[in-house]
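Notes follow the structure.
Each value in this text was obtained by applying a stated rule to the coordinates, not by laboratory testing. Worth saying up front: this structure is predicted, and the values here are computed from it rather than measured. Neighbour counts are summed over all protein chains in view; Cβ atoms, including those assigned to glycine, are modelled from backbone coordinates with ideal geometry.
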Amino acid sequence: MPELIICDTSCLILFDKIERLELLRNCYSSIYVTPEIAEEFGKGLPDWIKIKGASNKALQQTLTQILGKGESSAIALTFDLPHTLVALDDLKARKVGKSLDLKITGSLGILVKAKQQGHIK
């Protein structure tokens, strides 16, 4: 099964800052962000990053009471894309995601995967 990932803003910022955004494309078959994450990122995204809004706006709104807009939208989007990994660096967001039985990683997990696959030395 191809591995899909939803990236939160912090992951995008980190990989952009080290000029290695392409590691996401090297490690995952499809990369998604929400419109909220794209807006938080604040600059253009490569065309291989897909922007998709979460359909469950009620869940997203509920989550924004305890999390930021980006994290809330990323978690809500995972319910639209079954078997999708969600990259969250925020500890509170990770705990919420785990409580919802989501498959969670973060920037460090992505770097480990990139190293294991030989994309970085």
Spelling out what I want: for every residue of segment 95-100, take phi, set θ = phi - 60°, compute 6.51 cos²θ - 1.76 cosθ + 1.60 (Karplus), and round to whole Hz; glycine and proline get x.
5, 4, x, 5, 5, 9
Karplus-derived HN-Hα couplings along segment 74-83 (A = 6.51, B = -1.76, C = 1.60, θ = phi - 60°), whole Hz, x at Gly and Pro
5, 5, 4, 5, 4, 6, 8, 10, x, 6
From the helices alone, meaning DSSP H stretches of at least four residues, give me the mean residue ellipticity at 222 nm for the chain, per-run term -39500 (n - 2.57), in deg cm²/dmol to the nearest 500.
-13000 deg cm²/dmol
Once Lys and Arg get +1 and Asp and Glu get -1 on their Cβ, which of Ile6, Gly109, Ala93 lies farthest toward the positive end of the dipole of segment 4-116?
Gly109
If you place +1 on the Cβ of every Lys and Arg, -1 on the Cβ of every Asp and Glu, and leave all else neutral, what size is the dipole of segment 4-116 about its Cα centre, to the nearest 20 Debye?
280 debye
Which lysines, on any chain, are close to Lys57 with Cα under 19 Å apart, when same-chain ones fewer than 8 places away are left out?
Lys69
Tilt relative to the chain, helix 107-116 - C-alpha long axis, 0 to 90 degrees, to 10:
30 degrees
Mind checking which aspartates and glutamates have their Cα closer than 18 Å to the Cα of Lys95? Skip sequence neighbours fewer than 8 apart in that chain.
Asp8, Glu71
Could you pull out every residue, at least 5 positions away or on a different chain, whose amide H is within less than 5 Å of the one on Lys52? Hs are placed 1.01 Å off N in the peptide plane, and Pro or chain starts have none.
Val33, Thr34
Which of Cys7, Cys27 comes first, and how do the rest follow, when ranked by fewest Cβ neighbours within 10 Å?
Cys27, Cys7
Whole-Hz ³J(HN,Hα) for each residue in segment 29-34, computed from phi via Karplus 6.51 cos²θ - 1.76 cosθ + 1.60 with θ = phi - 60°, x for glycine and proline: what do you get?
6, 9, 10, 10, 9, 9
